[in-house]
1. Scan the range 155-171 and report the pairs whose first residue is closer than 28 Å to LYS127 by Cβ and whose second residue is at pLDDT 95 or above and of a type in the set (Phe, Trp, Tyr), with Cβ atoms within less than 6 Å and a gap of 6+ or a chain change.
2. If only one of ILE70, ILE76 is under 22 Å from LEU14 (Cβ atoms), touching a Lys or Arg at 6+ places or on another chain (Cβ under 7 Å) and modelled with pLDDT of 95 or more, which one is it?
3. What residue, of PHE116, PHE122, PHE65, is under 17 Å from ASN5 (Cα atoms) and out of contact with any Phe, Trp or Tyr (no Cβ under 8 Å at 6 or more places or on another chain)?
4. Quick one: which strands (runs of 3 or more DSSP E) sit completely within the range 8-96 and have at least 2 residues that are basic (Lys, Arg)?
5. Taking the range 149-164 as the search range and keeping residues that are assigned to a strand (DSSP E or B) and among the aromatic types (Phe, Trp, Tyr), which one is least open to solvent (accessible area, probe 1.4 Å)?
6. VAL56: of a type outside the set (Gly, Ala, Ser), under 23 Å from TYR4 (Cβ atoms) and over 14 Å from the mean Cα position of the chain (by Cα), yes or no?
7. Scan LEU130, LEU142 and give me the residue that is in contact (Cβ under 8 Å) with a residue 24 or more places away in the chain, touching a strand residue (DSSP E or B) at 6+ places or on another chain (Cβ under 6 Å) and either assigned to a helix (DSSP H, G or I) or hydrophobic (A, V, I, L, M, F, W, C) (or both).
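The values are calculated or read from the model by the stated rules, or taken from the named source; none is laboratory data. Quantities reported herein were computed from a predicted structural model and do not represent experimental measurements. We place every Cβ from the backbone using ideal geometry, glycine too, and count neighbours over all the protein chains shown. Only protein heavy atoms, including side chains, enter the accessible area calculation; ligands, DNA and RNA are left aside. Shrake-Rupley method; radii C 1.70, N 1.55, O 1.52, S 1.80 Å.
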Amino acid sequence: MLNYNGQRVRLRPLRKCDIETTLKWRNDPDLRENILGYRFPVTEEMEGKWYQEALVDQNQKRVLFAIETIKQAKLIGMIFLNKIDWIARLARFGIVIGEKEFQGRKLAGDAMQVLFNYAFNFLNLRKIWLEVPVYNKRAIALYTKFGFYEESKLRGQVFFDRRYHDLILMG
């Protein structure tokens, strides 16, 4: 049986009642620039539409989980696989720990361990890839620790802080 619990976090389906929290994260400029999300302010209506699409997604190209602490049952982030290619058996990965007081506490790594177990042992994927801007050093260190390595670099792909930055593709 598949276990969605890590050492300190659990993965669970995203719920409509999470909208208020995720809307706050999407409108946080620091988070938005590091996760390469939608670059403009997000309204409640926009977030509601995104939720509607995510919660009823039947195209089997995306897996999305909320990350919550086991101890407090507090929503702290989201983790996903998207662009799933069932023939090549690969998917794009992303994660955000939106609650700042929980960042840097090794909870992202715990959530990644659970998701990767699900991806490789249940979904039968063979490869996970991601995109990360070169200035997100903490994320690059975490991904490297999990065995990701740089496969290529897109020069000047991301505009942030009045400069163009490279985007690293890792697998």
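1. Close Cβ pairs (under 6 Å, with a partner that is at pLDDT 95 or above and of a type in the set (Phe, Trp, Tyr)) amount to GLY156/TYR164; MET170/TYR143; MET170/PHE148; GLY171/TRP129.
2. Details: ILE76 fails: touching a Lys or Arg at 6+ places or on another chain (Cβ under 7 Å).
Sole residue among the options that is under 22 Å from LEU14 (Cβ atoms), touching a Lys or Arg at 6+ places or on another chain (Cβ under 7 Å) and modelled with pLDDT of 95 or more: ILE70.
3. Details: PHE116 fails: out of contact with any Phe, Trp or Tyr (no Cβ under 8 Å at 6 or more places or on another chain); PHE65 fails: out of contact with any Phe, Trp or Tyr (no Cβ under 8 Å at 6 or more places or on another chain).
After ruling out the rest, the residue left standing is PHE122.
4. Numbers: elements: 9-13, 62-69, 75-85.
Counting at least 2 such residues, we get 9-13.
5. Looking only at the range 149-164, we keep the residues that are assigned to a strand (DSSP E or B), and these are 150-160, 163-164.
Okay, now just the ones that are also among the aromatic types (Phe, Trp, Tyr), so 159-160, 164.
Numbers: PHE159: 102, PHE160: 66, TYR164: 159 Å².
So the residue we want is PHE160.
6. Working: of a type outside the set (Gly, Ala, Ser): yes; under 23 Å from TYR4 (Cβ atoms): yes; over 14 Å from the mean Cα position of the chain (by Cα): yes.
In short, yes.
7. Numbers: LEU142 fails: touching a strand residue (DSSP E or B) at 6+ places or on another chain (Cβ under 6 Å).
Going through LEU130, LEU142 in turn, just one is in contact (Cβ under 8 Å) with a residue 24 or more places away in the chain, touching a strand residue (DSSP E or B) at 6+ places or on another chain (Cβ under 6 Å) and either assigned to a helix (DSSP H, G or I) or hydrophobic (A, V, I, L, M, F, W, C) (or both): LEU130.
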